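All remarks here apply to the structure that follows.
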Amino acid sequence: MLLLALLCLCLLLALSPALKGLPIVKRIGSKRLIACVSLFLLLSFSVPSLMSAFLGGKAMSLDGRLLSWPVLAWTSFLLVVYFVSDGLRLFFVLKAMGHSVSAKGMTRLVFINMLFSNITPMATGGGFVQIWYLRRFGVPIGTATAATTVRTLLATVFIFLASPVVMVALDPFAGTGMGPQISLALGLFALGYLLFFGLAVFKRRWMVFTVHRMLGLLVRIGVIDGEKGHRWRLKSMREVLRFASDIKRSLAGGRYMALAVIFTLVFLTALFSFPFVLLRPLGSTVPYLTSLGLIVVTTFIMYFAPTPGGSGFAEGVFGAFFLSSVSSSNLVSVIIIWRFLTIYLGMIVGLVMGVAEVLQEGKSVDKKD
């Protein structure tokens, strides 16, 4: 695994001159981006290895049942639904805002987003790249920002709504030694996030008042100076008003917004179904809805992971939740396959497309010259 990680890093370093043409690389800096990728690869490959050692040191083995025709057929079907619905949810948000992008353009948007959102902490990069790419199709930067924000918020709201219910119903941390206190804390945090979201959309004045009060308190106790507090007040008011305006604008999209919501649900269902399909042939007796709920909580935790793409946290939480379902050697295999299907595969395609975009732009510039 370490050798594979080093090979992946060498490949990225070899391609980095081409990738420097992308605006997200210019914004973050190529050295920082390579550091993020290195951390992503290190955590992605080392955590499963450490889990294997912790669980008895058994070598990871690929069970032949994972290569059976039913498993291959179901994973192929889920992959198609996963990628297509990911593109359609943004496509219909854009339609609700009066803009349209071709199927080819949406395909590139999906995979380039997967690449950069998973090699930047807390998924900050993908949206920025999509905004840059949408401008090439004549979508104004303000509309592109609103569309990518709404697309992300739709998935986030569904996950944050479901997480407290799952934590109460399943108590997923009961067998992990972490106790019910974590479930309660995470559930309350999810509810707090939704309350914040609701206030920002429907009670903008309340939201602005609350933020201003909090910043005033920070100024009074000396955490920030008065000048910075004033700047933050102005910026927070502008962002809250813009956020609420974008949400209301998209909600006025009628049937297009309804389709965006439907395809968001389809996307999330496909994403959360991969573990069940992989674990079932290995003798796991975890019911489908329980498996779905555990992956919802895993994804919820990944939203706050400071590592690129939630790497390390995703593998660790998944292993803790499904440790009693299958043997330790099979569990590590499932974790790697699960991450490959839902993350690494899309990243590889996004890397190829990103390099192709830069090379194509370079040829266009040469022709003009």
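Roughly how many nanometres apart are two label points built 7 Å out from the Cα toward the Cβ at PHE189 and ARG135?
3.4
Note the full-extension length gain between PHE196 and LEU234 as 0.36 nm times their separation in residues minus their Cα-Cα distance, in nm to one decimal.
On the way: separation 38, 0.36 × 38 = 13.68 nm, distance 1.86 nm.
Stretched out fully, the PHE196 to LEU234 stretch lengthens by 11.8 nm.
Laboratory data are not the source of any read-out in this text; all were calculated from the coordinates shown. All values reported here derive from a predicted model rather than from experimental measurement. A quick note on method: Cβ atoms are made from the backbone with ideal geometry, for glycine too, and the neighbour counts reach across all protein chains shown.
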